[in-house]
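A short worksheet on the structure shown next.
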Amino acid sequence: MAKIYCFISDEPFLLQENRLIEINKLKKEGYLNRKIFFADKKFNWDTFDSNDSLSLFEDKELLDIRINGFAPMKDCLNYLEDFSGKAESSKIIILSIENVTKVKGSAWFKKISSITKSSYIEKIYPNQFPAWLKSRAKRRGLNLDVQMTDYLTELTNGNLLAADQELKCLKLISKNEDLNMITIKDSLIDSSSKDIFSFSRSFINSNAQLFNKLLNQLLIEKVPLTLMLWSLNRELSFIEALQANPTMKVPGPFDYVSDLKNKAKTISEDSINKIKIEIAKLDRLIKSENNEKLIKVRFNTLMSYV
């Protein structure tokens, strides 16, 4: 039986995360050729060749199909049913269904559940967010007390993606030590007054001159280097999220979100991977020796990839 994985959720961040986990698993099985399709109500499901069969000379292919804002229609369900009935195929489908009301109990959901390996990811409501945040922090090796949880909830306004990015920041600066409110405020609030935001924004805008100026300023002000690395990683995470789902909501001012969306359209996966490698080298350099000259060189190397 041909494989179909289906993820359904009103939470874009969680849907994307679960989808990416499955994609990475399938890559290890040889499904390296991934094609992404954004299906609207007029989408032609005959786009896909339903008659292919697995051969020794055929590449494995992953069809990443995404539906946003409406339930799968009859032609979609018919295609999936035909596909699932095939004995074997060189293709695997990952279907993402986002922002659909009345999922459970609907006829289409019952149909999808019978022909796919489906996962319904529950929405995180505001009253559930603090518990989710604490659980998420624990997965990263961080313990949040009530005060810290309330503070981060207010800071991120209940945005899952923003909250996850802040936890990544805290993990970087905590060095596995116990966290307290002073640590959080120094890292997340004071950083804004030290131009961390402008620093990372100059990075996504490919403004090398401003980037270098702010880099020197931040080094003079003794801003933690790990926090500077986090700020760049944060932008990369948002860019990758927007590449995977262009309609995803990203927290921040309109012009900043616009900059991220523009960069997501122009930067390649290869460039992002090279930036990640350089950031990893920087991280090792920071931990092994505090050579400011080499650190500056490494930071400026990042700009050649954006």
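The values are calculated or read from the model by the stated rules, or taken from the named source; none is laboratory data. Predicted model only: the values in this text are computed from it and were never measured. FYI the Cβ positions are ideal-geometry reconstructions off the backbone, even for glycines, and counts take in every protein chain you see. Just so you know, the surface numbers come from the protein's heavy atoms only, side chains and all, with ligands and any DNA or RNA stripped out. Shrake-Rupley method; radii C 1.70, N 1.55, O 1.52, S 1.80 Å.
Scanning the stretch 71-114 for residues that are crowded, with 17+ Cβ neighbours inside 10 Å, among the hydrophobic types (A, V, I, L, M, F, W, C) and modelled with pLDDT under 90 turns up F83, V100. Across the stretch 54-66, the qualifying residues are those that are surrounded by 12 or more Cβ atoms within 10 Å (Cβ to Cβ) and in a loop (DSSP other than H, G, I, E, B), and the one among them that is modelled with the highest pLDDT is K60. One residue alone among S187, S191, S202, S174 is at pLDDT 70 or above and under 24 Å from the mean Cα position of the chain (by Cα), and that residue is S202.
When A2 is tested against (1) at pLDDT 85 or above; (2) over 23 Å from the mean Cα position of the chain (by Cα); (3) open to solvent by less than 60 Å² (accessible area, probe 1.4 Å), exactly one condition is not met: (1).
Looking only at the stretch 5-52, residues that are open to solvent by 80 Å² or more (accessible area, probe 1.4 Å), part of a loop (DSSP other than H, G, I, E, B) and either touching a Ser or Thr at 6+ places or on another chain (Cβ under 7 Å) or within 30 Å of K102 (Cβ to Cβ) (or both) come to 4 in all. For the stretch 67-90, a tally of residues being among the hydrophobic types (A, V, I, L, M, F, W, C) and assigned to a helix (DSSP H, G or I) returns 4.
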